[in-house]
Structure formats: structure tokens, C-alpha cells
1. Among the residues of the range A:63-73, are any away from RNA strand B (no atom under 11 Å from the Cβ), polar (S, T, N, Q), more than 23 Å from residue A:179 (Cβ to Cβ) and at pLDDT 95 or above?
2. Taking the range A:298-347, which residues are in contact with a His (Cβ under 9 Å, 6 or more places away or on another chain) and among the aliphatic types (A, V, I, L, M)?
3. On the phi < 0 side of the Ramachandran plot and within 12 Å of RNA strand B (Cβ to nearest atom), is that true of residue A:185?
4. Please determine whether any residue of the range A:249-265 is under 23 Å from residue A:169 (Cβ atoms), assigned to a loop (DSSP other than H, G, I, E, B) and more than 13 Å from RNA strand B (Cβ to nearest atom).
5. Can you say whether residue A:11 is touching a residue at least 40 places away in the same chain (Cβ under 8 Å) and more than 16 Å from RNA strand B (Cβ to nearest atom), as far as the supplied structure shows?
6. If residue A:49 satisfies every condition in (1) closer than 19 Å to residue A:139 by Cβ; (2) buried (at least 18 other Cβ atoms within 10 Å of the Cβ) but one, which is the exception?
7. Considering only the range A:279-317, state which residues are loosely packed, with under 15 Cβ neighbours inside 10 Å, part of a helix (DSSP H, G or I) and either near RNA strand B (Cβ under 9 Å from one of its atoms) or at pLDDT below 95 (or both).
8. Among the candidates A:44, A:25, A:35, single out the residue that is surrounded by fewer than 23 Cβ atoms within 10 Å (Cβ to Cβ) and either part of a loop (DSSP other than H, G, I, E, B) or of a type in the set (Asp, Glu) (or both).
Amino acid sequence: MDFILKKTSNRARAGELITPHGVIQTPVFLPVGSQATVKTLTPQEISGIGFKMLLANNYHLYLRPGTETITKLGCLHRFMGWDGAILTDSGGYQIFSLAGLRKINDEGVTFRSHIDGSSHFITPERAIELQQGLGADIIMVLDECPPSDADFNKTRRAMKRTHLWAERCKKAHRNSKQALFAIVQGGVFPELRKQSAEMLAGLDFPGYAIGGLSLGEPKETTYEITAQTAALLPQDKPRYLMGVGSPEDIIEAVAEGIDIFDSALPTRVARNGALFTRRGRVNISNAKYKDMEEPLDAACNCYACKNFSAAYLHHLFRCGELLALRLATLHNLTFMHNLMQDTRTAILNDGYAAFRGEFLKNYKATNEEVRLEQKKKWLKTRG
RNA sequence: GGAGGGGUGCCGGAGUGGUUAAUCGGAGCAGACUGUAAAUCUGCCGCCUGGAAGGGCUACACAGGUUCGAAUCCUGUCCCCUCCA
């Protein structure tokens, strides 16, 4: 794997990520397909939108169908019929999301399967071995992702463990066709983030991720920590902000020099009727869309917006029809892809700051209106 | 004609003397979701008033009655269903 920095606009960067499964232009958003599928869509539809890389999950695939099965069937790309690039997450996020089902110590983490209750001990070495079995283009170290409200000592302990594990992962890593990325931890504490970024940068990984953000902390904090951490990472290596996110979060993080994003948000939220538009997030099942003849976003080039009225999407959601989930996912992923292309274009034209301002102004307009209304109400009651 | 059962809020359906503006579903109205245990979860949901807490009003087919107190007991009326003839 190689990373070429093409252009910077202030701190924002446009680059190219060269993988065994193609060249990926950055900034890039990876759709999440934890179980070797981006829920509701075919690989053809995903690449039809324009995506060239996606994310899958080591832990979930290890549990089911089992890494061996996938290896036997010719690795993950072939198993899921995707010939673009793949990044696998190690399972570190499951230390956070499945907190009630695992026990952790310096040696590794023991998960109790949410599927059948069976017990599974995953060490950093094992996490690498399993990811090698899947054959993704980029793999991640096993990290300990603590909740964002963890106190300093707890966060520090998780960070130390993540560092220890990063070294072990690096040592265990053999397959030179797979790039192993490190993950900076340190929660919402700038001094820990600094320690973490510096320590890991010293280990010379081919790419660096920032983990443990967008887990419930205020957005301002997410942005501050992202900015601070990104500034401490090597210039010539790709930077990956894990689990982010929403359109506005990505716009902010690109400004701080992040190159890679992934998030389940656009797809999950789509399945629940929340659709991204240039004017902000919208809930298609709201009553006001019942009779809307125009497409949800006339400027959108997705299959759903080109072929159906907002009223039809509204109807599909009301009925609980499966097509609703597909069309909404198609729409949100198209929005994300277009957004990333636009950020890249803006950077290449050295106009990112203006682009960002314009985007946020429009995107937040709707939310801002709602907020203003609430504020008015509040003020009225206080005289 | 005879015997029995029943009429509850937008709908379905609990409740059989006070703690009931009335369990629970559904529908409706909103909100949340960020390295996916999620086609999930949360709130509101008689009317008026209030940001809320609260307050006021009207309610369990209809009319009357018993009772300190009734959706719940009694009487009458109307309507619906089942079985027998």
C-alpha cells in the first residue's frame, strides 16, 4: 500500500491511497459492511454509486461464518463478491459496543458471543491472524476503545494497553500485502492524545487512525480532539478517523487533515427514515412528505431521487416495505460519496474553507430553524 | 318466538365499586441513532390552559337510580352477536 499526498488546502488534504484492489481518492468515506455486506445493497450497487473501498468487521465474521470458512472460499473479496478494496476493523470497537459481554486484561479480551453465548479469547496476535485470514487490504490493530465518559485513569489505562497491543500486532503482522494501521486512543484528554500519537508515530505504521471519538461526547470536543491529534500524526501517512460519521462531522474533520472515514451512521439512519440533503437531515416518514410530488432532493443523482417522489418514499416507509430501506440506503450513500468528491474537488482547487462554510451554512439551516423555534418558545416563557 | 352473550378513548381490546383520563397493542405525531447485537430504540397520544409541574372540563351505548364514591351495582330504552325454534 502506498499513500500519495496530492494537494493541501490549509490543513485539508487530497491524496491517493494505492491498494492491491485499486486506487482510492481521498478524502474518502467507507460504507460499513460489518458482516461482509452493506445492509440492503449489492456490491454492484455500491460500486455503482462510486465507492471503491468499504469496511468489514473481523470479530463479526470470525463468529459467523468463521474466518476459516471465508479463507477456504478464497478470502473476503471473493466471498462477498467485492473486487474493490476492503478495510477490516479488528474487533476493538466491540470492546466498546459489547462492553457487557466481554472481559479484558493486558493479555487480550474474552468475548461471550452475542449469538450463542460461547466464549472467545482474542489476543492482539489472534486479531492479526484472523484479519490475515480475511485478506483485507488494510487491517487494524486491536485497540481498547473506552467509552467517551471514562475518567482520566481509565482512559489512560486503555491507551497504555492499546500501545502495548499495537507493538504486539506489529510484531505478529506478516502479510506484506496488507497494510496494518495503528489506532490512537486517549479519549477526550489532550495530554493522553499527545502521548498516544507520539508513541505510535514512533512505531512507524503505514497509516494512523484516531479511535474513541463520536461516542457521545459533545461535537465541539470531537472536533477539538480530532484537530489536536491529527496535527501530531505524520504528514506522509494516511489518517483515518474511525467511526465518523455524519456529513457535518466529516466536513469539520477533513478541514483538520483527515483522509479516511467510515461510519454506520448513514446506512443505519437511512433504514430508520433519516435522509441526508444539502439542506440538512430530514425524516422522510414525517407527515409533511405525504403528498410531496417532487423528489426528496431534486439535486441528487441517486436512483431514488431520480425515479421517485418523496411521497412514494414516505409511503414505503409507512408500510414498512423493504424497498424503503434499500432506496434510503442508496440515497444516503450517494450523498456521502458526492460529499467526499466535492470536498476533494474543493481541496484540489484550494477552496476548502469556502466550501466548508457554504456547506455547513446550508446543511445546518434546517436544524438551525428548529433550534431557533425552540429558543423562541423558551424565551417567551421567561418573558 | 325462546335462551344466552355483549356495547370502553381513532381502531382492536383489558378493566367488574374508590389508588382510573382509564393496562396493553395498533394507528397517529415527533425525536434519537457515528470503527452496526439496530428494518432498532425513546417520548407524546380525550379537550382547554401551561415551558413544565400543575390546574380546569368532558368521558366507558343512551336515560334514570343506588352509593360518601360507578366504566364497574340496579331499572328502562336502543343497538349488535351466538344458539334453539
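1. yes
2. Hits for the range A:298-347 are A:304, A:313, A:324.
3. On the way: on the phi < 0 side of the Ramachandran plot: yes; within 12 Å of RNA strand B (Cβ to nearest atom): yes.
Against the criterion (on the phi < 0 side of the Ramachandran plot and within 12 Å of RNA strand B (Cβ to nearest atom)), residue A:185 qualifies.
4. yes
5. Yes.
6. Failing condition for residue A:49: (1).
7. Of everything in the range A:279-317, those that are loosely packed, with under 15 Cβ neighbours inside 10 Å, part of a helix (DSSP H, G or I) and either near RNA strand B (Cβ under 9 Å from one of its atoms) or at pLDDT below 95 (or both) turn out to be A:287, A:288.
8. Of the residues listed, the single one that is surrounded by fewer than 23 Cβ atoms within 10 Å (Cβ to Cβ) and either part of a loop (DSSP other than H, G, I, E, B) or of a type in the set (Asp, Glu) (or both) is A:35.
The values are calculated or read from the model by the stated rules, or taken from the named source; none is laboratory data. All of these numbers come straight from a predicted model, not from anything done at the bench. All Cβ positions, even for glycine, are placed from backbone atoms using ideal geometry, and neighbour counts span all protein chains on display.
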